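Asker: Shown below is the structure under consideration.
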Amino acid sequence: MPPLRTALLQSSGRPGAVAENLKVLDEAAARAAASGARLLVAPELFLTGYAIGDAVPELAEPADGPGARAVAEIAVRHGIAVLYGYPERDGERIFNASQLIGPDGASLANYRKTHLFGCFEQEWFTPGEQTVVQTDLDGLRIGLLICYDVEFPENVRAHALAGTDLLLVPTAQMHPFQFVAESVIPVRAFESQMYVAYVNRTGPEGEFEFVGLSCLAGPDGTVRTRAGRGEELVIGEVDPEFLAASRAANPYLNDRRPGLYGSLA
């Protein structure tokens with residue numbers, strides 16, 4: 001299989017302005033597709049903005065709502081898969097969610113954040129209950145997590161054991177936790193033998209200061225592409241052949257002794 005060219009959209013868009021954020025996403029999809037990318041990944045809650053406070057209930061929508069339909073149109077128009085974050089309404093509950101739309105406009109996967117960070121998220125969102133959500137794209141098994149989820153090694157290892165090749169992690173990583181983007185993400189990719197695309201917001205937003213530093217880390221622990229601190233679209237490749245060779249050379253998954261780890265649960 002050829003490498004999957006993957007574009008990371010580092011942007012905070014315009015918080016509270018869904019139409020403006022869709023316009024940013026459309027422009028990024030056009031640029032990504034022109035570069036040969038088959039996948040575009042946007043940050044956590046990109047559709048609405050992160051620090052939107054009391055507007056969360058107003059802007060939340062079902063997984064098949066108008067935002068999803070608009071993203072599907074973008075995906076079809078540019079022939080590219082798109083992963084975006086949004087507040088998902090399901091009855092009275094609201095989830096911090098991400099959805100992957102295929103290049104044909106079909107929903108491939110929808111994930112609800114399982115580990116909520118801080119008072120803001122815990123006030124407005126219900127935690128999801130499904131750790132491993134996967135789908136297939138261009139012959140690769142794609143897995144989804146959101147931000148804080150990836151900081152729990154159990155989540156990433158669960159994906160590794162389920163066969164995830166590329167883990168997509170839209171995030172809203174803020175100061176002073178930039179070490180997660182710089183150090184934790186490459187380690188997660190190495191210890192669980194997968195590619196990890198970590199895609200952040202950037203700049204001030206409400207009480208938060210997002211640090212950027214989006215990256216695509218490989219199974220050897222090296223960063224294939226890295227954004228700076230500002231608005232940026234960066235592109236890297238997920239190479240199935242390199243992934244297979246890395247897994248053959250690295251014994252972590254084969255050398256596990258699950259019988260010793262029962263106390264961890």
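Asker: Looking at the stretch 186-265, which GluC sites (Glu not before Pro) are DSSP coil and have at most 14 other C-beta atoms within 10 Å of their C-beta? Could you put the intermediate results ahead of the total?
Answerer: Values: sites: 191, 205, 207, 209, 231, 232, 237, 241; in loops: 207, 231.
Passing sites in the stretch 186-265 are 207.
Asker: Report the charge-dipole magnitude of the stretch 1-126 in Debye, nearest 20, computed about the Cα centre from +1 at each Lys and Arg Cβ and -1 at each Asp and Glu Cβ. Walk me through the numbers on the way to the answer.
Answerer: Values: 11 positive and 15 negative charges, 111 e Å.
Here the stretch 1-126 has a charge dipole of around 540 debye.
Asker: Determine ³J(HN,Hα), in whole Hz, for all residues of the stretch 153-169 in sequence, where each value follows from phi through the Karplus function 6.51 cos²θ - 1.76 cosθ + 1.60 and θ = phi - 60°; x replaces Gly and Pro.
Answerer: x, 4, 5, 5, 5, 4, 5, 4, 5, 8, x, 4, 9, 10, 9, 9, 10
Asker: I would also like to ask the following. I need to check one value: relative contact order of the stretch 185-265, counting alpha carbon pairs closer than 8 Å and at least 6 residues apart, in percent.
Answerer: Relative contact order of the stretch 185-265: 26 percent.
Asker: Cut-off 10 angstrom, C-alpha nodes, Gaussian network model of the chain. Which of 94, 185, 146 fluctuates the most?
Answerer: Result: 94 has the largest fluctuation of those listed.
Asker: May I pose another question? I'd like the carbon and sulfur percentage of the solvent accessible area for the stretch 111-252, probe radius 1.4 Å, heavy atoms only, ligands and nucleic acids excluded.
Answerer: C and S atoms contribute 53 percent here.
Asker: Helix-derived [θ] at 222 nm for the chain: sum -39500 (n - 2.57) over DSSP H runs of at least 4, divide by residue count, nearest 500?
Answerer: When only DSSP H runs of four or more count, the value is -7500 deg cm²/dmol.
Asker: Out of the stretch 173-265, which chymotrypsin sites (Phe, Trp or Tyr not before Pro) are coil in DSSP terms and have no more than 12 other C-beta atoms within 10 Å? Before the final figure, lay out the partial values.
Answerer: Values: sites: 177, 179, 190, 195, 198, 208, 210, 242, 252, 261; in loops: 177, 252, 261.
When the chymotrypsin sites (Phe, Trp or Tyr not before Pro) of the stretch 173-265 are filtered for loop state and at most 12 Cβ neighbours within 10 Å, 261 remain.
Asker: Pop a pseudo-label 7 angstrom from the Cα along the beta-carbon direction at both residue 162 and residue 122 and give the gap in nm to one decimal.
Answerer: Here the modelled spin labels are 2.5 nm apart.
Asker: So what is the relative contact order for the stretch 1-145, in percent, with contacts set as C-alpha pairs under 8 Å and at least six apart? All intermediate terms of the calculation are to be shown ahead of the outcome.
Answerer: Working: 283 pairs, mean separation 27.4, N = 145.
So the answer I get is 19 percent.
Asker: Summing +1 for each Lys or Arg and -1 for each Asp or Glu, what net charge is found among the other residues whose Cβ lies under 15 Å from the Cβ of residue 97?
Answerer: -4
Asker: Less than 11 Å Cβ to Cβ from residue 22, Lys/Arg counted +1 and Asp/Glu -1: what total charge do the surrounding residues give?
Answerer: -1
Asker: Let me ask something additional. Give, rounded to the nearest 20 debye, the magnitude of the charge dipole that the chain has about its Cα centre when Lys and Arg contribute +1 at Cβ and Asp and Glu contribute -1 at Cβ. Mind dumping the intermediate values first?
Answerer: Values: 21 positive and 34 negative charges, 123 e Å.
Charge dipole, the chain, about its Cα centre: 600 debye, nearest 20.
Asker: Here is a follow-up. Could you report the accessible area of residue 260 in Å², rounded to 10, computed with a 1.4 Å probe on the protein chains as they sit in the structure?
Answerer: The accessible area comes out at roughly 110 Å².
Asker: Oh, and also: What percent do you get for the relative contact order of the stretch 101-229 when only Cα pairs under 8 Å and 6+ apart count? Display every interim value, and only then the final one.
Answerer: Working: 254 pairs, mean separation 22.0, N = 129.
Once divided by the residue count of the stretch 101-229, the mean separation gives 17 percent.
Asker: Something else about it: Suppose we keep just the DSSP beta bridges with both residues in the chain; what percent of those would be antiparallel, to 5?
Answerer: If we restrict to bridges inside the chain, about 70 percent are antiparallel.
Asker: Give me a comma-separated list of calculated 3J(HN,Hα) values for the stretch 192-202, in order, Karplus coefficients 6.51, -1.76, 1.60 applied at θ = phi - 60°, integers in Hz, x for any Gly or Pro.
Answerer: 10, 6, 7, 8, 10, 9, 10, 10, 10, 7, 8
Asker: To continue, here is another question. Count the net charge of all other residues whose Cβ sits under 15 Å from the Cβ of residue 181, scoring Lys and Arg as +1 and Asp and Glu as -1.
Answerer: Computed value for this residue: -1.
Asker: Same structure, new question: Taking only protein heavy atoms and a 1.4 Å probe, what accessible area per residue, in Å², does the stretch 194-265 have with all protein chains in place?
Answerer: The answer is 50 Å² per residue.
Asker: Among 65, 53, 101, whose Cα projects farthest towards the positive end of the dipole of the stretch 33-104, with charges put on the beta-carbon of Lys, Arg (+1) and Asp, Glu (-1)?
Answerer: 101
Asker: Right, next: So for the stretch 126-235: antiparallel DSSP bridges make up what percent, rounded to the nearest 5?
Answerer: Around 65 percent antiparallel, to the nearest 5.
The values are calculated or read from the model by the stated rules, or taken from the named source; none is laboratory data. Being a predicted model, the structure only gives us computed values, none of them experimental. Every residue, glycine as well, gets a Cβ built from its backbone with ideal geometry; the counts of neighbours run over all protein chains shown. The protein model used for the area step is the full one, side chains on, heavy atoms only, and it has no ligands, DNA or RNA in it. Shrake-Rupley method; radii C 1.70, N 1.55, O 1.52, S 1.80 Å.
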